[in-house]
Structure formats: structure tokens, C-alpha cells
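Please read the structure below before turning to the comments.
The values are calculated or read from the model by the stated rules, or taken from the named source; none is laboratory data. This is a predicted model, so every value here is computed, not measured. Every residue, glycine as well, gets a Cβ built from its backbone with ideal geometry; the counts of neighbours run over all protein chains shown.
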Amino acid sequence: MFLTTSRKARLFVLTVAAAAVAGLAGCGGGEDASTLMHTVVKVDSITQQGSCEDVNVKVSPVEILPNAPKMSNSNEFITPVALTKGSDGVACSGTGTSIPMAPGKWKFTAMLPSGVSTCEHDVPATGESNVSFKDGEACK
């Protein structure tokens, strides 16, 4: 009798484990996860009193396209960009990657030493999305 109960318990544990693995496989994101877009934000700046100050880029929706992937963001958020000093001791640069974004038109705003830099950028449903800030120049 002890062996029968043990065998039932092992069968139960194996069944539960198989169901858990199957459930996790379904949470892999599937097709929808592969369509999530991120935007790479690049910042080129100059040192402030000898050091590079990190930049927070505010990203605001202007016009979101319909039928965005379920897990993509359509609200305002901040993308942090850590800057490192270049070999010349004056230039600072860095890149950051946004959270998943819904396709459409977005406004990117960064406070740089020369002032506030803002641009609107179309985030595609697929492909690459890059925004570049250079101190003293218009955002691209």
C-alpha cells in the first residue's frame, strides 16, 4: 500500500509540474512580444564642471496608431541615459533604450546644457527606431 500511495504522489507531482511548464510556455509572449518596439535614444553633450551629468529624456505620446500590441506603452514615460566622459575629457555621450512603445508619433524632450531640446519622432510598428540629441543642435 505504501508503494501505491507513493506512486500516486509522484504521478500527481509530475502532472502538476508538466502543467506548470506548459503554462509558462504559453507566457513566453508569443507573436505579440516579437512586435514590441523600443527606441534607442542617443545623447552627445559636454561636461558640466568637469563631470558628465546623466540625462532623463521625457517621452510623450502625440498620436498613437490603432491596434498597438497589447504590452506596448501608450503613456508618457522617462528614458534615462547614462553619460560617460570621452577621451578628450570634454565630450559626454551615452545611449538608453525605451520601454516597449506603441507605434505612432511621440515627442522626445531632453534638458541639455545648452537648453531644452525637443523633437517629434515616428515610431514604426516594425524596424528600427532611433532618436539622437546633440547639445546645441536640433534633435534627429
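Things to note:
- Taken over segment 40-78, the criterion of being under 16 Å from the mean Cα position of the chain (by Cα) and more than 19 Å from residue 116 (Cβ to Cβ) is satisfied by 40, 68, 69, 70, 71, 72, 73, 74, 75.
- Residue in segment 86-94 that is surrounded by fewer than 19 Cβ atoms within 10 Å (Cβ to Cβ), under 13 Å from residue 59 (Cα atoms) and assigned by TED's automatic domain parsing to the domain that holds residue 44 present: no
- The residue of segment 80-97 that is nearest to the chain's Cα centre (by Cα), among those that are under 12 Å from residue 44 (Cβ atoms) and of a type in the set (Gly, Ala, Ser), is 94.
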